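The values are calculated or read from the model by the stated rules, or taken from the named source; none is laboratory data. Quick caveat, the model's predicted, so the values are computed rather than measured. Note that each Cβ is placed from the backbone with ideal geometry, even for glycine, and that neighbours are counted across all protein chains shown. Remember, those area values only see protein heavy atoms, side chains included, never the ligands or the DNA or RNA. Shrake-Rupley method; radii C 1.70, N 1.55, O 1.52, S 1.80 Å.
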Amino acid sequence: MEIMELAQLSEAIATVGKAIGAGLCMGIGSIAPALGEGNAVARALEGMARQPESASSLRTNMILGCAITESTGIYSLVIALLILFAL
């Protein structure tokens, strides 16, 4: 193989590796927050059903928890974009 062909091959392998890495980052990084938010909302609704007088407190804490959990998904998006375009 010529030097030019080897350079193109190594560049193609690096591009494929970046795409796979970014895909794994988004796959894992988006599943975990979705499961966490679903669990938090389910538990908050269960608590509201059991004690309706504490609904406002539970709702506030649930929204705050979901916002913090969602930041994990946003961080994984940022890392995936860095893998694709900055490296």
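Computed values, structure above
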quantity	calculated
Two-site label geometry, Met4 and Glu53: point separation in nm, points 7 Å out along Cα→Cβ	8.2
Region 1-85: GluC sites (Glu not before Pro) falling in loop per DSSP and having at most 12 other Cβ within 10 Å	Glu2
With Cα atoms, 0 to 90° folded angle of helix 3-50 axis to the chain main axis	0
Å² per residue, accessible surface of the chain at 1.4 Å	73
Dipole magnitude (debye, nearest 20) for the chain, charges at Cβ of Lys, Arg, Asp, Glu	420
Estimated [θ] at 222 nm from DSSP helical runs (n ≥ 4, -39500 (n - 2.57)) normalised by residues in the chain, nearest 500	-33500 deg cm²/dmol
Principal-axis tilt of helix 55-85 within the chain, Cα atoms, nearest 10 degrees	0
